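Laboratory data are not the source of any read-out in this text; all were calculated from the coordinates shown. This one's a predicted model, so the numbers in the text were calculated from it and none came from an experiment. As a convention, Cβ positions derive from the backbone with ideal geometry for all residues, glycine included, and neighbour counts pool all protein chains shown.
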Protein chains: 2
Amino acid sequence: MIFKKVTIIGVGLIGGSIGKALKSNGLAGTVVGIGHRASSIDEALRRGAIDKGTLDAVKGVAGADLVVIATPVCLIPGIAKKISCSLKKGCIVTDAGSTKAEIVGSLERIFPKGVNFVGSHPLAGSEKRGIGFAQDNLFKGSVVIMTKTKKTKKPALAKLSGFWKSLGVGRIVIKSPEEHDRIVAEISHLPHIAAAAIVNTASDKSLEFASSGFKDTTRIAASDPGIWRDICVTNRKEILKALERYEKNIARLKKLIKSGSASRLSREFERSKARREKLS
Amino acid sequence: MIFKKVTIIGVGLIGGSIGKALKSNGLAGTVVGIGHRASSIDEALRRGAIDKGTLDAVKGVAGADLVVIATPVCLIPGIAKKISCSLKKGCIVTDAGSTKAEIVGSLERIFPKGVNFVGSHPLAGSEKRGIGFAQDNLFKGSVVIMTKTKKTKKPALAKLSGFWKSLGVGRIVIKSPEEHDRIVAEISHLPHIAAAAIVNTASDKSLEFASSGFKDTTRIAASDPGIWRDICVTNRKEILKALERYEKNIARLKKLIKSGSASRLSREFERSKARREKLS
C-alpha cells in the first residue's frame, strides 16, 4: 500500500477507473470520492469505485496522503484554491488534466509549502465519458506523462510514479509541462481540430457517402465539446504553433496539386505513408 | 446472365473482386482478365478470379459485351485509346476510377459511336491493394456512383446498373461526373490530404506518444502514394475548392483559439460533433 488515504476529486471515467483499480487491488487504505452531484457519488459507491463519498471537497481531502484531481481542466485551479488550506502537511497532490503548463504553473503557486504537487497526464481514456465507462484496467499498459519543474520534489515524483505503476501503467515519462503541451498539441489537439474542420467542410449531400476512411479520420470529432474547448483555451500557445505548421503543410500540398507536380506529390504522400507506418 | 463475355482490365483488388463475384455466382459466360504482368494473370487464374488471361489488351477485349477498366486512374485514357478500335459494336465499357470528370470526358471523346461508355466508381475497397485481397463479396451492400452525361445511353446505364447490383452492390447513385468529383473531394480526398499533413506536422518525438485517436485519424495516410498522386492530379479542381473551404475552417478555429473565445469554440465543436454523430 503506497497511500493510506487517497481522495479522488471528480469520479468520472478517469477518477472512477483510478478508484476501481485501487480498490480491486487493495492498493489504498481508504478511497474517498468527491463529486459535484450526489447522484455521481452514489453511482461511484454502487460501482465500487470509492469507499466513501462527499460533495464537500474541503472535508474530503482532510487527512489524505494523496489527492488526485480528475475534473475537467478548467475546474482544476478553482478546486486547488478551495482545498489548499485543508491539505495535510506532506500530502501529495496530482491531477489528470490533458494540458499541463497552465495548470502546473497555477497549482505550484496555489499550494503552500509542505504540499507536494506533481502534474500527471494519463494517456488513457476514450471519447466516452463518465463513471459508467470506468474500468479497473483502464491504465493497463498505458503511458502516463508526469511533469517536472524546478519546484518538483523528487521523493514525491518517485512515489507518484510508483502509484501510477501500481495501477497497471506500462510506461512513465517525465517531461517539462511545456514539452508535454507541445507533444499533445501535435498528437492529440491538432488531429482533433483537423477532424472537426473536415466534418464542418463536407456538405450534408457529401456526408451521405462517407465511408470507413472518412469515419475513422473524423471519429474524434464526436468527443465532448466542453473538454475540447478547455483544451484549446489552456494549451493555446502550443496548439497555435502546431496549427501554423499544419497550415503550411496544407498550403504546400495545395500548391503541388494546383501546379500538378505529380512527382513531388508522390514524395509528400510517400513521406506521410512511411511515417504513419512506423506507428503500430 | 447479363453479359456473355466480360473483360476486366487490371486484376487487382477491384478487378479481381469483380471477377470472383462474377464467377462464383455464374453471372458471366466467360471472364477474361488483362494484366500488365504475366505473374498477376497467373495469380488471378489461380485464385479463380478469371477464366482466361492475356497481356494483350487489344485481343482480350475482342468480342466482349462488357469491358471493365479497373486500373489506376492515370492509365485509363491510354488503355481506352489502345482498345478503342477492337471493341465490338454495342459493347458497354465502364471503369472503376476514383475520379470521374477527367476520365469520363476523355473516354467519351475516345470511344467510337456504337461503344457505350458509362463511368462507375464503386465506393468499396480499402488501403489494401492487389489480387491477394480480392473477395467475391467485396461489393456486398456497398455504394456505386455511376455517371450520367448528355452522351450516356439510357439502356447501357440500366444494364450496367443491373450488373453492379448482381455483384451485391446495395445502392446505385447516378450523378454527373462533376457532382461525383465534388462529393469524393469532400469525403475522401480532403480527409486523405489532411491526414497526410497531420502525420507530417507531428515531430518524431511526439509521434512516439501517438495513441488510438491519432492512429484512427491518420490511418488513411498509409495508403498507396501513387493512387493519391493520381487522384490529386485528376481531381484538381474539386480538391482545390474543398481545400480552400477547409483552410478557412482551420483559420476560423485558429482565430477563436488565439482570442480565447471559449463559447464560440464550444459552438464549433458542438457543430462538428452533431454532424459526425449523424454518421453511423
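Taking other residues whose beta carbon is less than 12 angstrom from the beta carbon of B:E102, and scoring Lys, Arg as +1 and Asp, Glu as -1, yields -2. If R0 equals 56 Å, the separation of the Cβ atoms of A:N25 and B:A62 corresponds to a calculated FRET efficiency of about 0.15. In this structure, B:S263 and A:K88 have a Cβ-Cβ separation that, at R0 = 51 Å, corresponds to a calculated FRET efficiency of about 0.85.
Averaged over peptide A:257-265, the number of partner chain Cβ atoms lying within 10 Å of each residue's Cβ comes to 5. Amide H to amide H, with H built 1.01 Å from N, B:F117 comes under 5 Å of B:V93, counting only residues 5 or more places away or on other chains.
For the stretch A:55-186, averaging the sequence separation of C-alpha pairs within contact (under 8 Å, six or more residues apart) and dividing by the residue count gives a relative contact order of 22 percent. The relative contact order of the stretch B:116-178 comes to 42 percent, based on Cα pairs under 8 Å that sit 6 or more residues apart.
Straight-distance candidates among the aspartates and glutamates for linking to B:K153, with alpha-carbon spacing under 17 Å and chain neighbours fewer than 8 residues away dropped: B:D65, B:D95, B:E108.
Rg/Rh for the stretch B:179-278 to two decimals, with Rh computed the Kirkwood way over all alpha-carbon pairs. My calculation of the ratio gives 1.00. Annotation note: trypsin sites (Lys or Arg not before Pro) in the stretch A:1-77 located in DSSP loop regions with a Cβ neighbour count of at most 11 within 10 Å are A:R37.
On the basis of the beta-carbon distance and an R0 of 35 Å, B:S176 and B:K128 show a calculated FRET efficiency of 0.70. Counting charges near B:D136 (Lys, Arg +1; Asp, Glu -1) among other residues having Cβ under 11 Å from its Cβ returns a value of +4. Across the cross-link table entries A:K255/B:K148; A:K154/A:K241; A:K140/A:K215; A:K237/B:K248; A:K100/A:K165; B:K154/B:K278, which are compared at the Cα atoms, the separations over 25 Å belong to A:K255/B:K148; A:K154/A:K241; A:K140/A:K215; B:K154/B:K278. Neighbours of B:A21 by Cβ distance under 10 Å: Lys/Arg scored +1, Asp/Glu scored -1, total +2. Among A:S272, B:S259, B:S176, the order by Cβ neighbours within 10 angstrom, fewest to most, reads B:S259, B:S176, A:S272.
Taking all Cα pairs closer than 8 Å and separated by 6 or more residues, the relative contact order of the stretch B:179-278 comes to 34 percent. Our coupling estimate for the stretch A:222-236, obtained by passing each phi through the Karplus curve with A = 6.51, B = -1.76, C = 1.60 and θ = phi - 60°, is 8, 7, 4, x, x, 4, 6, 4, 4, 4, 5, 6, 8, 10, 3 Hz, Gly and Pro reported as x.
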